[in-house]
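The values are calculated or read from the model by the stated rules, or taken from the named source; none is laboratory data. Quantities reported herein were computed from a predicted structural model and do not represent experimental measurements. Here the Cβ positions follow ideal geometry from the backbone for every residue, glycine too, while neighbour counts run over all protein chains shown. For the accessible areas, the whole protein counts, side chains as well, though only heavy atoms, and no ligand, DNA or RNA atoms are used. Shrake-Rupley method; radii C 1.70, N 1.55, O 1.52, S 1.80 Å.
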Amino acid sequence: MTKGLNLKKYKVFLIGLLGLSLTLSARDLNLTVIDRDLEIPLEGTLITVVGIEGEFYTGVDGAVLLNVPDAMERVVLLISYPGYEGVRLPVSSDQNDLSVSLVIAGFIEGEELVVERTAPGESDEEVGVSIVMDREEMNTTANIGIIEDVMSSIKTLPGVGYTSSWDAQPSIRGGYPEELSASLDGFYVTYPFHWGGGFSIFNPNMVETAKLSHGIYSARYGRALSGLLEITTKTPDEPEVRVDGSFSTSSTDLFIRSPLGKKSGLFLGGKITYLDTLKLVQPEELEDMTTMPFIRDLYGKWYYRPSNELEIYLNGFLGTDGVGVDTTAEGDDGVTTDIYFDYDYINSFLAGGAKWAPSNTFFVDFLTGYNWNIMTMEFDVSNSGTREYSQEFIDRFGTLLGLSAGDSYTIDGLRSYGTEDLDIRQFQMKITGEKLLNPTNIVAAGVEEVFKQTNEASEFTGWMSFSDNSGSFNLEERSFSTDVEGNNSLNSAVFLLWENGSDQSRLNTELGLRGELYRIWHDDFSMNALPVVNPRASVTWTALEDRYGLDKLNLSLGSGIFSSFPLTVELFEEQYGVDDWTINPDQALFNVAGAELHWHDQWKLSAETYYKHYLNRLVLTTEQDENGESQLYYNTDGRGRVAGFDLMLQKKSGRKWDGYLTYSFIYARFYNPSNTGTAEEAEDSYTNSGEPLDEWFFPYYHRFHNLNLVLNWHFHPGWTFSVLGSLASGAPREKVGDISMYPAVYEGTYIEQYARSSSYSDSLRNGISAPIDLRIAYGHYREGSKVYWEWYVAVEDILANFYAPSANSSFNSYTGEENTDTSADFNLGIPVPSFGIKVSY
């Protein structure tokens, strides 16, 4: 180990000499690193200067001398030491002597401060298990677009299915988007999205790291079937007040981190959009907008560390968003459409916990919290007007219906309308205990309880064409409603695991077992689901280290079972006829093998392959009885098979350029049987979500190929030019028939209508999606100032005017006119500019 370290230092020394020979002018920067609590120097601390290749290490006195070119207006130091929390330190031009204090994180044993392991779930990226992005890596991908969003970075990672810019709910390794669960500092967050899923609540200004676990992750975590996104927020442990503010395309953000003495700190801030102000500038143009699209977020975090053994923290969030429209559209066909839509959403939570290490070998983690989601939605679409029958309609049906040229028909209030009120309240508690048996063996156990109360009232009414016995079509008004009040559910889980190995071990193994039990009840109904046991195992082996010009080669193999209950189960009631111990949660067996290669301290190449077999899935169908009433049926016999592989080539923190290239191949097929619970046989051939029954199918979001490129070019000190590109094969497309004309009876009058048939196709696909985004940014410290300024200008989907992925055409149901100018992706149809100005102090 000593020899390898000396060789690395010698290599860094040679790089330093070469750098000096190419630098005309430089200044000396003296840096000293100490332990904050013990106040002792830290020898061997790794120092990386962003923009300069190579690494530097502190000596026995904790000090290091850095030569920084004068041409570098922006100097940022990355400081890390095993077992300590890393530090990102901006340095202004007038600073020459610096002292940095590091804080211990994880288990420490012995007088020599030997680090045995890092704290789980914070930054433990591991092949075959997870990928971790810190705020520096997300800087260019998250800070772009109408709303800056961490999910914009997550969507570029391997294994993540392509979505449009306006969709923050991607598929993870072939699973349904809702199979991805999210947590913030360990707390499960229910539906963490704004604008109906367009963007997430995870503001890049408050996030320290984002960890996507899409492999065989620890038995510590559940409630996710395809992946877990763990967001870790910034901790306000800096010795001075820090202010981060930004003004971007549609919003203003402000966050403040302040120490509260030496052992406590507060992090407070939020986001507010200013699209409302556009009505003051152009009131006539926006008079149809009853509520301009808005987001209001407030986030707070407090921590208290009375000693090295104990940390207490509290998180709080209140987020709201909404939009409203009331407009009238005059159609060329003589039909006027009145449109009303109103949507409001509130997501709030308060969570807290404590991390306690009563001894050097025992650790306890306690977490509890309350999450409250409220959503109200109302829409009303009404068609009215008088229109002449077309000549084609008269020629075909005039004689039969007694119509002649020039005749017309009138419709008045042909409406589709609906309302939905959703109220979800969730309380959760989790306690984990870990015991360090020896330097390489840890056992952990824990219990988790998640209680949820769901209230939903919805009603949807619309007109549909039905054929009578004579073969004529009648337009009939049909309604569907739900009224669930006070449905309670309890998800209980226990887990036990054993870990062998450490950060210094070449072989690391984890074996885990997680058991889950689910129960739902209200005043006149109760149901216990079948308990499930989910074993998980993973092993990682460092096959090569500092040999053949390579830094490291890691190999991994893992297998495990994962389970979760769909949100629709929360709406089950007595009439569904669900008996105790008969229904299963959705469950899947997941197998992953991977390899990861590191070289030159900056390059990484990873490859992973996987196979996921769904053991059971919930299937819902709705059927109409003789009275036109809807009856919901279910089964849990759904199946699924997903296979694929992911590749990632990454170059980190280069002087001239950095970035990564990812490719994912995904093959996902699912099967929905038609024997639906208490129903004899399903008469319909589709589920409630429009999926086919009794045949294997590709889900609506599936894409075989997903390619992402993130390239950052640092062409001059302080300047960064970024290219963000994606290439994804098309999602499934329905097979549609010809548009056909037919007469329909509406309130005793024949009206001219057009329709076409559609059915699932196993071979048809939409066009390829290929958005390209460009971004240029400049950041610097003003001379003699501690204030850091950064601005960026970006354009999303620069080829939108020239290319849009093809999709099935739409058509007018009154005229039959076809619109072939249809894109498969939800976008504005034009390049979308964005900008941002950020200030840090």
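Here the chain carries DSSP beta bridges of which approximately 95% are antiparallel, counting only pairs with both residues inside.
Once both labels are positioned 7 Å from their Cα atoms along Cα-to-Cβ, the gap between N812 and E783 label points is 6.6 nm.
Structure note, pairs K211/K430; K211/K263; K211/K234; K552/K651: Cα-Cα distances above 23 angstrom occur for K211/K263. Rolling a 1.4 Å probe over the protein chains gives S813 an accessible area of about 40 Å².
Ranked from largest to smallest solvent-accessible area, with a 1.4 Å probe on the protein heavy atoms, R396, R547, R387 come out as R396, R547, R387. The H on the amide N of S264, modeled in the peptide plane, is under 5 Å from the matching H of R305, each at least 5 residues off or on a different chain.
Kirkwood analysis of the Cα pair distances in the stretch 314-374 returns a hydrodynamic radius of 16.2 Å.
If R₀ is 41 angstrom, what is the calculated FRET efficiency for the pair R519 and S761, using the beta carbon separation as r and rounding to 0.05? Plugging the Cβ-Cβ distance into 1/(1 + (r/R0)^6) gives 0.50.
So how far, in whole Å, is the C-alpha centre of the stretch 216-249 from the one of the stretch 405-471? That distance is 26 Å. Full extension of the chain between D61 and I374 gives 107.0 nm of extra length, using 0.36 nm per residue less the Cα-Cα distance.
Just so you know, the Cα atoms of the stretch 387-467 work out to an Rg and Dmax of 32.2, 94 Å. Centre-to-centre separation between the Cα atoms of the stretch 274-342 and those of the stretch 185-200: 14 Å.
Whole-percent P(r), the stretch 509-642, all Cα pairs, 10 Å bins from 0: 10, 28, 23, 16, 12, 7, 3, 0. Out of every Cα-Cα pair that the chain contains, those further apart than 43 angstrom amount to 36 percent. Which angle between 0 and 90 degrees, to the nearest 10, do you get for helix 2-21 versus the longest principal axis of the chain when only C-alpha atoms count? The angle comes out at about 90 degrees. Counting Lys and Arg as +1 and Asp and Glu as -1, what is the net charge of the other residues whose Cβ lies under 13 Å from the Cβ of T749? Here the count lands on -3. Which whole-number value in Å² is the accessible area per residue of the chain, probe 1.4 Å? The answer is 45 Å² per residue. Taking 0.36 nm per residue of sequence separation and removing the Cα-Cα distance, the D28/D738 pair yields an extension gain of 248.0 nm. The label-point distance for R396 and W791, in a model that sets each label 7 Å from Cα toward Cβ, rounds to 6.0 nm. Put the Cα centre of the stretch 358-383 next to the Cα centre of the stretch 647-664 and the gap is 34 Å.
In this calculation the C-beta distance from T252 to V281 is compared with R0 = 25 Å, giving a FRET efficiency of 0.90. What a 1.4 Å probe finds exposed on the chain is 56% carbon and sulfur by accessible area, rounded to a whole percent.
Using just the C-alpha positions of the stretch 784-830 as equal point scatterers, what log10 of I(q)/I(0) does the Debye formula give at each q in 0.15, 0.29, 0.34 1/Å? Scattering profile of the stretch 784-830, log10 relative to I(0): -0.58, -1.07, -1.21. For the stretch 183-267, a/c is not less than 1.5, where a ≥ b ≥ c are the root eigenvalues of the C-alpha gyration tensor, and a/b does not top b/c. That puts it in the oblate class. Cα gyration tensor of the stretch 293-344, axes a ≥ b ≥ c as square roots of the eigenvalues: rounded (a/c below 1.5), prolate (a/b > b/c) or oblate? Prolate. Rounded to the nearest 10 degrees, the angle from helix 391-401 to the longest Cα principal axis of the chain is 50 degrees. A full extension of the chain between D124 and L589 corresponds to an added length of 165.1 nm, given 0.36 nm per residue minus the alpha carbon distance. Couplings 3J(HN,Hα) for the stretch 153-165, derived from phi with the Karplus relation 6.51 cos²θ - 1.76 cosθ + 1.60 (θ = phi - 60°), are 7, 4, 5, 9, 7, x, x, 9, x, 5, 10, 6, 5 Hz, where x marks Gly and Pro.
If the Kirkwood radius is taken over C-alpha pairs of the stretch 230-349, then at 20 °C and 1.002 mPa s the Stokes-Einstein diffusion coefficient equals 122 µm²/s. Charges were assigned to the Cβ only: +1 to each Lys and Arg, -1 to each Asp and Glu. The resulting dipole of the chain about its Cα centre is roughly 4480 debye.
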